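Accompanying notes for the structure given below.
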Amino acid sequence: MAPGLPAGEQEPQVLPFHRTIPRLLRDPVTELAKMGTDAGGRIVRLNIGPFQPYLVSHPDHVQQVLKTDWSNFVREGMFWRPLRRVTGQSILGEGEGWESSRKVLQPLFTARYTASLGEDLADIIAGRVAELDEHARSGRPIDAAQQMTAIVNESVIKVLFGGRIPRDVAERLLPEFATCATSIGFRLLLPFMPYSVRVPGDRAFLAATKKIDEIVYPLIERALSEGTRTNEVLSALLRVRMEETGAADPRQARDDLVSVYGAASETTAVSLTWLWSVLHDHPDVYARLREEVGQVVGDGPVRPAHVPGLRYLRMVLQEVVRLYPPGWIIPRQAVADTEIGGVRIKAGSQVLVSPYTTHRLAEFWKRPLEFDPERWAPEQTERRHRYASIPFGAGPHVCLGQHLFYLKAPLVIANLLSRYRPALTNPQRLTLVPGASVRPKEKLMLKLLPIERSRQA
């Protein structure tokens, strides 16, 4: 304990400006994790110029911030400003706006409701994967990130908008959301920079946001004019809003849809992209995964009923989101003075929960940097701290899209592995690019080798 501190109170480990900034600019995701793991999960205070956020990674501290004392740690402050420019006030906000949106949207993303979408999702995914046959016949590799995003996008668009959005329009949304997700990296690293000063990524971000609005607002207006008797998310959302207030605010509907799109698509698409690099590096995992898909699915087609039987596939996905959690930092702002782990936190302080760090703490994970799906075997998980794994966050703000993730991702993987033998053609060391999620900077190219089957899906 530092001299002069009250009994039980501790000082955080403080990293000075001249050590923090170069490391974060060089490799923000990896270096932030090292700062937390080197401290063994202790609270770390980062000197990033005008303000000094606290890095939180120990599961006990994560539980306090996201669950037991969640109302004192709100989604406000400068780290949220870049994201709010595209998501607006919805489930990614706070206060009445968040409570209202959560009340409307949560029933649409429960395990039961998600399961009701399964047959439609299976048909959409199977059809979209089958379109890759041309690449398989010609031997032309596919861009893994591009194709995984396209497959996920088509299924999510169907769930959100039903038949109201043509495929060519839906595909126009793809690059705009990707731009928004990646172009805020500089703002996240240096969030204190005033918006009167243009920084790298600003121009692309604002242009992409404008294009998203140009696509989404007409869809909302069309839904309002046609009526809301169908069951896709847009109609259900507008229907509940009108029942509550007598009218549906297009801006609120736009914010809800954009937020939900991110929750339902970003996690799945990015995780599926990382998967192919991981499987290339672990041929034993790949072989076992192929064997399981063959035994459970057989000659196809892949249906939602197969998903519960794909137990090893789920373990693989859990390990992918452990090593590459889509939400690499979860920013919060303290409302009132408090303590975390004996460290005094003043009101207004920024707190960064870091899943990427928590998932690498040696105290809670054996060989934390190794990819090992076996750590998710049922007999292993009982001995793990509940908050040692937080790929979807935790507490009242937990990601709504997690049930959809564990339905969509297995359907995509099972369809691909039952139809082709995907092989990575350009294995390489990947660079982590921070943004709304963590993506690989380099392209991953997959060659699809057709599988002879007695019956095609």
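Name the single residue that is nearest to Ser437 (Cα to Cα) among those in the range 184-194 being open to solvent by 20 Å² or more (accessible area, probe 1.4 Å) and not in a helix (DSSP H, G or I).
In this case the residue turns out to be Leu190.
Working only within the range 281-326, note down all residues that are surrounded by 23 or more Cβ atoms within 10 Å (Cβ to Cβ) and over 25 Å from Pro391 (Cα atoms).
Val302
Limited to the range 46-66, what total is found for residues that are surrounded by fewer than 18 Cβ atoms within 10 Å (Cβ to Cβ) and under 21 Å from the mean Cα position of the chain (by Cα)?
0
Identify the residue in the range 399-426 that is under 21 Å from Asp281 (Cβ atoms) and either open to solvent by 20 Å² or more (accessible area, probe 1.4 Å) or aromatic (Phe, Trp, Tyr) (or both) and, among all such residues, is nearest to the chain's Cα centre (by Cα).
Per the criteria, the residue is Leu424.
Among what's in the range 122-175 and is hydrophobic (A, V, I, L, M, F, W, C) and not in a helix (DSSP H, G or I), pick the residue that is nearest to Val260 (Cα to Cα).
Ile165
Can you tell me how many residues in the range 112-131 are touching a residue at least 24 places away in the same chain (Cβ under 8 Å) and open to solvent by 40 Å² or more (accessible area, probe 1.4 Å)?
Of the residues in the range 112-131, 3 are touching a residue at least 24 places away in the same chain (Cβ under 8 Å) and open to solvent by 40 Å² or more (accessible area, probe 1.4 Å).
In the range 151-182, which residue that is small (Gly, Ala, Ser) and under 16 Å from the mean Cα position of the chain (by Cα) is least open to solvent (accessible area, probe 1.4 Å)?
Ranking the candidates gives Ala181 first.
Based on what the data block shows, is Thr357 closer than 17 Å to Asp60 by Cα, surrounded by fewer than 20 Cβ atoms within 10 Å (Cβ to Cβ), of a type outside the set (Asp, Glu) and modelled with pLDDT of 90 or more?
So Thr357 does not fit the description; no.
Looking at this structure, is Trp376 modelled with pLDDT of 90 or more, aromatic (Phe, Trp, Tyr) and open to solvent by 20 Å² or more (accessible area, probe 1.4 Å)?
For Trp376, the condition - modelled with pLDDT of 90 or more, aromatic (Phe, Trp, Tyr) and open to solvent by 20 Å² or more (accessible area, probe 1.4 Å) - is met.
Those residues that are within 15 Å of Val351 (Cα to Cα) and either of a type in the set (D, E, K, R) or assigned to a loop (DSSP other than H, G, I, E, B) (or both), I need them from the range 28-49; list them, please.
Gly41, Arg42, Ile43, Arg45, Asn47, Ile48
Name the single residue that is farthest from Gly341 (Cα to Cα) among those in the range 10-45 being charged (D, E, K, R), open to solvent by 20 Å² or more (accessible area, probe 1.4 Å) and at pLDDT below 90.
Within the range 10-45, the match that is farthest from Gly341 (Cα to Cα) is Arg26.
Give just the number: which of (1) open to solvent by less than 40 Å² (accessible area, probe 1.4 Å); (2) in contact with an Asp or Glu (Cβ under 9 Å, 6 or more places away or on another chain) does Met148 not satisfy?
Every listed condition holds for Met148 apart from (2).
Within the range 183-208, track down each residue that is of a type in the set (Val, Ile, Thr) and over 19 Å from the mean Cα position of the chain (by Cα).
Within the range 183-208, Val197, Val199 qualify.
Among the residues that make up the range 235-245, is at least one of them open to solvent by 40 Å² or more (accessible area, probe 1.4 Å) and on the phi > 0 side of the Ramachandran plot?
No.
If Gly393 meets every condition in (1) more than 14 Å from the chain's Cα centre (by Cα); (2) at positive phi apart from one, which number is that one?
Condition not satisfied by Gly393: (1).
I'm told Glu452 meets every condition in (1) open to solvent by 40 Å² or more (accessible area, probe 1.4 Å); (2) farther than 30 Å from Gly300 by Cα except one. Can you identify the failing condition by its number?
(2) is the only condition that Glu452 fails.
The values are calculated or read from the model by the stated rules, or taken from the named source; none is laboratory data. Please read all numbers here as calculations on a predicted model, not as lab measurements. Don't worry about glycine lacking a Cβ; one is built from the backbone with ideal geometry, like all the others, and counts go over all protein chains shown. For the accessible areas, the whole protein counts, side chains as well, though only heavy atoms, and no ligand, DNA or RNA atoms are used. Shrake-Rupley method; radii C 1.70, N 1.55, O 1.52, S 1.80 Å.
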